[in-house]
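The values are calculated or read from the model by the stated rules, or taken from the named source; none is laboratory data. This structure is a prediction, so every number in the text was calculated from the model and none was measured. Using ideal geometry, Cβ is built from the backbone for each residue, glycine included, and neighbour counts are taken over all protein chains shown.
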Amino acid sequence: MYDLNLLNKEEKDLLSNWEGVYKKGLLSLWILLSLNNKEMSMSEIKDFINDITDDYLLVDDNSIYRSLRKFYTLEIVDFAMKPNSKGPDIKIYKLSKSGEKILKAFIQRNIISIYYKDKINLLFKGNI
């Protein structure tokens, strides 16, 4: 783990800003990954993201809902209403067939083909 005390205030601010942009970009990926092979409610998606990232990527409900609405409009996700005896019906989201294909293509093109290379691993370790 990198010691953040080695950074001055300006460097910490720059890192924080970079991480904010980075995390916003990751949200779409984590939402779609959460729905890969499983249907989930918004709260289950949120719990999945918190759990899988060890609470590194803490997102608010509105951010998830905005993304899900955008994905629904793009026909990447679909939803069904599930009755809820404790209140209003719950939307249960799932990837559409198109969403499944797009997610698989994205993972192959942007993650596996890039990050699963020995020279990239060496770069992360500082050996290149």
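Remarks
- For the condition surrounded by 10 or more Cβ atoms within 10 Å (Cβ to Cβ) and under 22 Å from S67 (Cα atoms), Y115 does not qualify.
- Restricting the first member to region 82-97 and to residues that are of a type in the set (D, E), and the second to residues that are assigned to a strand (DSSP E or B) and modelled with pLDDT of 95 or more, the beta-carbon pairs closer than 6 Å and six or more apart or on different chains are D89/M81.
Let's see how each residue does on (1) exposed (fewer than 11 other Cβ atoms within 10 Å of the Cβ); (2) in a loop (DSSP other than H, G, I, E, B); (3) modelled with pLDDT under 95:
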position	(1), (2), (3)
W18	yes, no, yes
K23	no, no, yes
L27	no, no, yes
D78	no, no, no
M81	yes, no, no
F124	yes, no, yes
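- Checking Y56 against (1) within 22 Å of S98 (Cβ to Cβ); (2) modelled with pLDDT under 95; (3) loosely packed, with under 15 Cβ neighbours inside 10 Å, the condition it does not meet: (1)
- As a summary of the residue check, I112 satisfies the conditions (1) touching an Asp or Glu at 6+ places or on another chain (Cβ under 6 Å); (2) more than 19 Å from K38 (Cα to Cα); (3) β-branched (V, I, T) except for the one numbered (1).
- Among the conditions (1) within 29 Å of Y2 (Cα to Cα); (2) free of Cβ contacts under 8 Å to residues at least 40 places away in the same chain; (3) under 16 Å from the mean Cα position of the chain (by Cα), the only one that N121 does not satisfy is (3).
- When the test is whether a residue is among the small types (G, A, S), more than 19 Å from I111 (Cβ to Cβ) and touching a residue at least 12 places away in the same chain (Cβ under 8 Å), S41 passes it.
- Considering residues of region 35-53 that are part of a loop (DSSP other than H, G, I, E, B) and over 10 Å from the mean Cα position of the chain (by Cα) only, the residue surrounded by the most Cβ atoms within 10 Å (Cβ to Cβ): L35
- Among the conditions (1) under 30 Å from F124 (Cα atoms); (2) over 13 Å from the mean Cα position of the chain (by Cα); (3) hydrophobic (A, V, I, L, M, F, W, C), the only one that L32 does not satisfy is (2).
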